[in-house]
Amino acid sequence: MNPEQLRDASLLELFALEAESQAEILNAGLLALERNPAAAEHLEACMRAAHSLKGAARIVGLDAAVRLAHAMEDCLVAAQGGMPLAAAHIDALLQGTDLLLHIGHPRGGDPGWADGAGRAEIDAIVQRLGMLDGGLALPPVAAAPGARSRTGPPDDAPAVPPAPAAPIPQPQAPVPEPAVPGEPQERMLRVNADTLDQLLALSGEAMVESHWLRPFGQALQKARRQQARALRAADALQDALRDALGDNAGARTALAELRQMLDDGHGELSRRADEFDEYDHRATRLARRLYDSALGSRMRPLADGLTGYARMVRDLGRTLGKPVHLELVGAGTQVDRDILEALDAPLAHLLRNAVDHGIEPPAVRQAAGKPAEGRVTLQARHNAGRLVIEISDDGGGVDVDALRRAIVRRNLASEETAARLSQAELLDFLLLPGFSMRDTVSEVSGRGVGLDAVQEMVRRVHGSLCLTQQPGQGLHFQLELPLTLSVVRTLLVEVAGEAYAFPLGRVLRAAAIGRAQIEQTEGHQHFRHEGRAIGLVSAAQVMQRAETIAHERDDVQVIIIGEGERTYGIAVDRMLGERLLVVQPLPAALGKVKDIAAGSLTDDGMPVLIFDVEDLLRSVEKLVSEGRIEGVRHAAEAGLQARARRVLVIDDSLTVRELQRKLLAGRGYDVAVAVDGMDGWNVLRAEPFDLVITDIDMPRMDGIELVRRIRHDAALRQLPVMVVSYKDREQDRQRGLEAGADYYLAKGSFHDAALLDAVQDLIGEARS
């Protein structure tokens, strides 16, 4: 590409950004004008946006865009002069907006699209816009092929039918005004998403580290109290020896000097302790502010993900011959960018579903006493630390009898069973994969694809989806989602001496179940909860850990998870309370770790693994199907255990280190950890071990040097050593084995079974 082409490509990219920004203003303003043609502020905003696009196109040298933007501007100026904007004029202006976007993002990446294949489309819209003279009525406008909107029909959809003759009532809720050029706006910078994730992780670590200051401050305060007691003891000694010392001036002077030294030391320590307390307070507060700011950088208003939804609803309604508008409530609600991205397709489907299935044709609505224009509402709010999104329409709702017949017709239930189902139970069938009430497939719906995808997305982010409806008031969807995927509110528990976390959004209830309430049926334990039997499973068994209950209790701590028939009680040793945890994803090289979704650190630096509840349920179901469920044992039944073989895990990655430790401890091995080769070498010389598992690339001393030292030490040379490294090249494997390692395992193919099998091959079972 020559310099001239590079310059043109750069300018085209700048125009594309300008077109995207101004198109948002045009879309919002034109939809508002369609419903209230007299709204001068929206007309002014649209005219300015068209004028800005004309100027930008002239600078870039896009003559077709200049002509199109100029025609749109003339149309809007004429409307400012008193010419009423009809629905067809709005259609033409919206189509012009789409074409300006296409000029910025040419089809097939061809910079000459506007002067070649797209010229006829552009000329047709310019000509149509030029017909606005003296209020001349325009014929209906067909949708532009390939328009970049969120409408459901494909590019070859049929022409949009004329708008109904019935007057369109004005909505009660105001339409959000578009941003007006020239007004102060939020300054935006492009930052790599991985950089933001790293910033959040580092700020979370800084917040954890700041809590380590508090024990030092407490130690200083303790030392100050001890010195105060020593000072009082010196005073008492001085008083007791006053008469005994008599004329011994030297002893009296020495005692006075000792007392003065204690007093000076106490004063200095008091000042330093107070200064340290202030520093601790400032550092902790600063770390919290840093973390909150980093977390806030991931949060965006929901409106950022709703761009084009109002246009989509309007265009789809006109395609189906149904005038309909979208009302947005709470569009400024803050939400994590990952949640925002995940919501895009599900929200679009729910809105299309509401227009297609929910909103009735104008004649049907008027016969029922409703306005001819339908209304779809999307409302967002925060509630108890969660994001709640509600989508509803004022249509006729789901025909329950027709739904019941569709369930029977698709052999999902017998007629007798379907007749007994409640409305809530019937509505749940709409979420099944492949289920549809339509017998024929249209461009918008009928394939039974959509609501099950929405359900899957909600489950993936640990949320919930609820369907309800009132007679004649349309269908109501309520999505409850976490505000962010970077931070999760959890219930911390202890299992076999280790801390784990359940995401609170997946916990139905935490309870203490009396042992007398636990019943035994066919070898399985269960208890009663809300009138039904819930299976009871030990978390220690699921995690393959030895139960280490220290004291007999009269009850069992149980976490109830799941839904419907997949509901189980997970017995844990102890509940440690709620915690807000910064999610730290597991390294991709480790692959999927069974039953675990992510890792984290508590405020006091304790490592925690966060359960993957869906995976945990599958593990429980597998144990049940194989008949391997063991009863929750009493402490007295645990008995004495044989000595566990000791393993030292050396890795500079906290996540890898903790995962290996928990995997090995879960199999019954006694595991210690070291943070690098030098730390591991010092630990090895101080304590006996049966096996060493080490990484290669570490600070201070790498794994190869550590293996060499072990092999040259008379006391350690027989100790088995396993190398676990990200490097999977043959020469790296050879280096590790030549240094004296007994086993080389690449993290690229690492999984829990491979590690455990290798350890067992080297040193046998966990118990000697």
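The set of residues from segment 599-625 being crowded, with 18+ Cβ neighbours inside 10 Å and either without any contact (Cβ under 8 Å) to a residue 60 or more places away in the chain or not assigned by TED's automatic domain parsing to the domain that holds residue 563 (or both) comprises 612, 617.
For segment 62-77, a residue qualifies if it is of a type in the set (A, V, I, L, M, F, W, C) and either free of Cβ contacts under 8 Å to residues at least 12 places away in the same chain or surrounded by fewer than 18 Cβ atoms within 10 Å (Cβ to Cβ) (or both), and exactly one does: 77. In segment 558-578, the residues that are not assigned by TED's automatic domain parsing to the domain that holds residue 616 and crowded, with 22+ Cβ neighbours inside 10 Å form no Cβ pair under 6 Å with any partner that is part of a strand (DSSP E or B) and not aliphatic (A, V, I, L, M), whether six or more places apart or across chains.
A search for C-beta distances below 9 Å between a residue of segment 217-234 that is closer than 13 Å to residue 273 by Cα and any residue that is hydroxyl-bearing (Ser, Thr, Tyr), counting only pairs 6+ apart in sequence or on different chains, returns 217/279; 224/270; 227/270. Of the helices (runs of 4 or more DSSP H) lying entirely inside segment 298-367, not one contains at least 3 residues that are in the same structural domain as residue 203 (by TED's automatic domain parsing) and under 25 Å from the mean Cα position of the chain (by Cα).
Just checking, which of 376, 408 is surrounded by 18 or more Cβ atoms within 10 Å (Cβ to Cβ), modelled with pLDDT of 85 or more and either assigned to a helix (DSSP H, G or I) or not assigned by TED's automatic domain parsing to the domain that holds residue 292 (or both)? Break it down stepwise before answering.
Values: 408 fails: surrounded by 18 or more Cβ atoms within 10 Å (Cβ to Cβ).
Exactly one residue qualifies, and that residue is 376.
Filtered by the rule that a residue be buried (at least 18 other Cβ atoms within 10 Å of the Cβ) and assigned to a strand (DSSP E or B), segment 579-598 gives 579, 581, 582, 584, 596, 597, 598.
Those residues that are surrounded by 14 or more Cβ atoms within 10 Å (Cβ to Cβ) and touching a helix residue (DSSP H, G or I) at 6+ places or on another chain (Cβ under 6 Å), I need them from segment 100-110; list them, please.
Filtering segment 100-110 down to residues surrounded by 14 or more Cβ atoms within 10 Å (Cβ to Cβ) leaves 100-106.
Of everything in segment 100-110, those that are surrounded by 14 or more Cβ atoms within 10 Å (Cβ to Cβ) and touching a helix residue (DSSP H, G or I) at 6+ places or on another chain (Cβ under 6 Å) turn out to be 100, 101, 103, 104, 105, 106.
Taking the criterion of being modelled with pLDDT of 75 or more, within 27 Å of residue 593 (Cα to Cα) and surrounded by fewer than 20 Cβ atoms within 10 Å (Cβ to Cβ), the only residue of segment 536-556 that qualifies is 544.
With respect to residue 119, is the statement that it is in contact (Cβ under 8 Å) with a residue 12 or more places away in the chain and either under 29 Å from residue 303 (Cα atoms) or buried (at least 21 other Cβ atoms within 10 Å of the Cβ) (or both) true? Reasoning before the result, please.
On the way: in contact (Cβ under 8 Å) with a residue 12 or more places away in the chain: yes; either under 29 Å from residue 303 (Cα atoms) or buried (at least 21 other Cβ atoms within 10 Å of the Cβ) (or both): no.
No: the conditions fail for residue 119.
Within segment 84-143, track down each residue that is charged (D, E, K, R) and at pLDDT 80 or above. Once the filter is applied, which keeps residues that are charged (D, E, K, R) and at pLDDT 80 or above, segment 84-143 yields 91, 98, 119, 121, 123, 128. Taken over segment 41-81, residues that are over 19 Å from residue 17 (Cα atoms), within 41 Å of the chain's Cα centre (by Cα) and hydrophobic (A, V, I, L, M, F, W, C) amount to 1.
Scan segment 380-396 for residues that are over 20 Å from the mean Cα position of the chain (by Cα) and part of a strand (DSSP E or B) and the total you get is 3.
Being assigned by TED's automatic domain parsing to the domain that holds residue 203, assigned to a helix (DSSP H, G or I) and either β-branched (Val, Ile, Thr) or within 30 Å of residue 204 (Cα to Cα) (or both) narrows it down to one residue among 280, 263; which is it?
Details: 263 fails: either β-branched (Val, Ile, Thr) or within 30 Å of residue 204 (Cα to Cα) (or both).
It is 280.
Close Cβ contacts (under 7 Å, 6 or more residues apart or on different chains) running from residues in segment 11-38 that are within 20 Å of residue 79 (Cβ to Cβ) to residues that are crowded, with 17+ Cβ neighbours inside 10 Å and polar (S, T, N, Q) comprise 22/52; 23/97; 26/97; 27/97.
Restricting attention to segment 577-611, the residues that are among the acidic types (Asp, Glu), out of contact with any helix residue (DSSP H, G or I) (no Cβ under 6 Å at 6 or more places or on another chain) and more than 23 Å from residue 483 (Cβ to Cβ) total 1.
Of everything in segment 197-220 that's surrounded by fewer than 16 Cβ atoms within 10 Å (Cβ to Cβ) and among the polar types (S, T, N, Q), which residue is farthest from residue 587 (Cα to Cα)? Result: 218.
Of these, 614, 621, 630, which one is in contact with a helix residue (DSSP H, G or I) (Cβ under 9 Å, 6 or more places away or on another chain) and at pLDDT 75 or above? Reasoning before the result, please.
Details: 621 fails: in contact with a helix residue (DSSP H, G or I) (Cβ under 9 Å, 6 or more places away or on another chain); 630 fails: at pLDDT 75 or above.
Answer to the check: 614.
Restricting 269, 262 to residues that are surrounded by 15 or more Cβ atoms within 10 Å (Cβ to Cβ), free of Cβ contacts under 8 Å to residues at least 40 places away in the same chain and of a type in the set (A, V, I, L, M) narrows the list to 262.
The values are calculated or read from the model by the stated rules, or taken from the named source; none is laboratory data. Please read all numbers here as calculations on a predicted model, not as lab measurements. Note that each Cβ is placed from the backbone with ideal geometry, even for glycine, and that neighbours are counted across all protein chains shown.
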